1. Determine whether Ile78 is buried (at least 16 other Cβ atoms within 10 Å of the Cβ) and in a helix (DSSP H, G or I).
2. Of all residues in the stretch 144-161 being of a type in the set (D, E, K, R) and either over 13 Å from the mean Cα position of the chain (by Cα) or under 27 Å from Arg224 (Cβ atoms) (or both), which is most open to solvent (accessible area, probe 1.4 Å)?
3. Go through the residues of the stretch 81-99 one by one and say whether even a single one is touching a residue at least 40 places away in the same chain (Cβ under 8 Å), out of contact with any strand residue (DSSP E or B) (no Cβ under 7 Å at 6 or more places or on another chain), surrounded by 16 or more Cβ atoms within 10 Å (Cβ to Cβ) and more than 22 Å from Ser61 (Cβ to Cβ).
4. If you go through the stretch 115-143 one residue at a time, how many are part of a strand (DSSP E or B) and either among the hydrophobic types (A, V, I, L, M, F, W, C) or open to solvent by 40 Å² or more (accessible area, probe 1.4 Å) (or both)?
5. May I ask you to list the residues in the stretch 30-75 that are closer than 17 Å to Ser148 by Cβ, among the charged types (D, E, K, R) and open to solvent by 70 Å² or more (accessible area, probe 1.4 Å)?
6. In this structure, does Trp4 turn out to be touching a helix residue (DSSP H, G or I) at 6+ places or on another chain (Cβ under 7 Å), at pLDDT 95 or above and aromatic (Phe, Trp, Tyr)?
Amino acid sequence: MFQWIAFDADDTLWHNEKIYRMGRERFRGILAKYDLQGDVEGHFNEVEIRNLRYYGYGVMSFVLSMIEAALQLTDGKIRAEDIQTLLDLSKEMLTAEVTLFDGARELISDLSVEYPLMLITKGDLSHQKRKVEESGLLPHFQAVEVVSEKTVGVYEEILGRHQVDVSHFLMVGNSIRSDIQPILELGGWAVHVVPHLTWDYEGGDIEGDLKERFWEAEDLGNVRQAIFSLQERKANLLGEV
């Protein structure tokens, strides 16, 4: 048996990337008025990734990066009203309704009867806490962790604080880079929920021996079976009864 099962939140339990894609579409619409040359989207992507070290993840980082990219692309000529539109966009994104994926509520409710559940989500603290509360899933989790980044070290700290043996820990998430790879490197187990939409930055591949502690699920409806399959594999590998 797994001692704990943890879930990612954004784009695993509820929609998130579609809100950011709406933001990117608005950004392109604003800059289209300036008749710019070159790769607007590519330039914004570079600015966004570069700014992660300063602003972290989340809406405010996203919008600050849009403003910076817009200033650079227009040589400082972007109008004040267009910057205000981007600031208004941030408020719209921060207050967007939390929409669960099909089957999320039932899955979490059922699993919480059998396992202690943990939620590990990345981003702005106040925004993530609001989404967790509005999701209606909070009562099913025994622990909620909001982090600025998901690395091996961050997961080690969380598991150590909760006194969890990583060999009996399973993580469920949509991001190979943030949810899956670090846990597998630590010696844990992971179910990758293949996302319908995802940020390219969160992609990646699982290679070598790590694959034996890894399972892919097409959607949340397949997660329960994936957990049982990994549980059987775990029992065989570790000689558990």
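1. Values: buried (at least 16 other Cβ atoms within 10 Å of the Cβ): yes; in a helix (DSSP H, G or I): no.
No; evaluated as a whole, the condition is false for this residue.
2. If we filter the stretch 144-161 for residues that are of a type in the set (D, E, K, R), which is where we start, we get 145, 149-150, 156-157, 161.
Adding the requirement that they be either over 13 Å from the mean Cα position of the chain (by Cα) or under 27 Å from Arg224 (Cβ atoms) (or both) leaves 145, 150, 156-157, 161.
Working: Glu145: 21, Lys150: 10, Glu156: 106, Glu157: 97, Arg161: 123 Å².
By that ranking, first place goes to Arg161.
3. No, the conditions are met nowhere in the stretch 81-99.
4. 5
5. Matches in the stretch 30-75: Arg50, Arg53.
6. Values: touching a helix residue (DSSP H, G or I) at 6+ places or on another chain (Cβ under 7 Å): no; at pLDDT 95 or above: yes; aromatic (Phe, Trp, Tyr): yes.
Answer is no for this residue.
The values are calculated or read from the model by the stated rules, or taken from the named source; none is laboratory data. Because the structure is predicted, anything quoted here is derived from the model rather than measured. Cβ sites come from the backbone with ideal geometry, for glycine too, and all protein chains shown count toward neighbours. Side chains included, ligands, DNA and RNA excluded: accessible areas come from the protein's heavy atoms. Shrake-Rupley method; radii C 1.70, N 1.55, O 1.52, S 1.80 Å.
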